[in-house]
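The values are calculated or read from the model by the stated rules, or taken from the named source; none is laboratory data. Bear in mind that the values here come from a model prediction, so they are computed numbers and not experimental data. Glycine gets a Cβ as well: all are built from the backbone with ideal geometry, and neighbour counts include every protein chain shown.
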Amino acid sequence: MKILFTNTTSFNIEQPMPASKFIPEWYKNTKSYANGKNNTEDGPKTEVTIKRCIPVLDSLTSGYIITCPADIYVSLKNESDGKKTQYFDWSACNLISFHPIIQALGHPSVKPHAYPKFNNPWSIKTPKGYSSLFVQPFHRESVFTILPGIVDTDIYTAPVNFPFVINDPDFEGYIKQGTPIAQVIPIKRDEWNMEIGNNKDYDEQAKISSKLQTKFFDRYKTMFWDKKEYR
């Protein structure tokens, strides 16, 4: 399968890359074992860390990362009514626009400012039947959070912009060029019907749970994991 990213600007900007190229430093620096030893000499008492959690690794490496194409500076200004307002300055790419706060007053992420949005310079095209899930890059500290969304990028190939909130309403400082701003994960569209499992389904999962008990370490990884590839 192929996902196509097309630069819609006249600027020479950093290209999207597989998420595996953007593993955060905290994860790289985390040891596999709480005692720092790269072995299991303590047997079943060995404390493994999040570094050996395959679901976390899969979330970090799934899809593709779009980065901020230019520097943004966030400043606070005192208004006449005593409230502070966040202002944004950017160096290129017509990078920021805004949604009035009234458009999403009931959203749990609402802050006392208009919703800024990253004007994404990249058009995205996926194969027929595939949409794109846009989320905040997983397991990564950030001063902002984009609002997640799903777009049918096999049909709609114009750039998808990313509304976001600054997590701290008193934040002032830089969002630097190259900062990951969105994780793009292709997903296949299907029709789904929900059912509730019966005794046969219970027995099936019980067998899996029983099989897991036969190993101390890497149980899901060695018995059930299907490695994903994003290039």
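The criterion of at least 1 residues that are basic (Lys, Arg) and exposed (fewer than 13 other Cβ atoms within 10 Å of the Cβ) is met by the following strands (runs of 3 or more DSSP E) wholly inside segment 11-126: 72-78. Take the residues in segment 211-229 that are of a type in the set (Asp, Glu) and within 24 Å of Pro18 (Cα to Cα); name whichever of them is farthest from the chain's Cα centre (by Cα). My answer is Asp226. State whether the residues of segment 203-216 include one that is more than 30 Å from Asn120 (Cα to Cα) and in contact with a Pro (Cβ under 9 Å, 6 or more places away or on another chain). Looking for residues that are more than 30 Å from Asn120 (Cα to Cα) and in contact with a Pro (Cβ under 9 Å, 6 or more places away or on another chain), one finds at least one in segment 203-216, hence yes.
Of the residues making up segment 103-125, those that are of a type in the set (Phe, Trp, Tyr) and over 25 Å from Asp81 (Cα atoms) are Phe118, Trp122. Scan segment 170-179 and tell me whether some residue there is modelled with pLDDT of 95 or more, among the hydrophobic types (A, V, I, L, M, F, W, C) and touching a strand residue (DSSP E or B) at 6+ places or on another chain (Cβ under 8 Å). Within segment 170-179, one or more residues are modelled with pLDDT of 95 or more, among the hydrophobic types (A, V, I, L, M, F, W, C) and touching a strand residue (DSSP E or B) at 6+ places or on another chain (Cβ under 8 Å).
Let's see how each residue does on (1) at pLDDT 95 or above; (2) surrounded by 15 or more Cβ atoms within 10 Å (Cβ to Cβ); (3) in a strand (DSSP E or B):
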{"residue": "Thr153", "(1), (2), (3)": "yes, yes, no"}
{"residue": "Pro186", "(1), (2), (3)": "yes, yes, yes"}
{"residue": "Asp201", "(1), (2), (3)": "no, no, no"}
{"residue": "Ile208", "(1), (2), (3)": "no, no, no"}
{"residue": "Lys211", "(1), (2), (3)": "no, no, no"}
{"residue": "Tyr220", "(1), (2), (3)": "no, no, no"}
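When both residues are 6+ apart or on different chains and their Cβ atoms are under 9 Å apart, which pairs have a first residue that lies in segment 187-215 and is free of Cβ contacts under 8 Å to residues at least 40 places away in the same chain, and a second that is loosely packed, with under 10 Cβ neighbours inside 10 Å and not hydrophobic (A, V, I, L, M, F, W, C)? Correct list of pairs: Asp201/Glu195.
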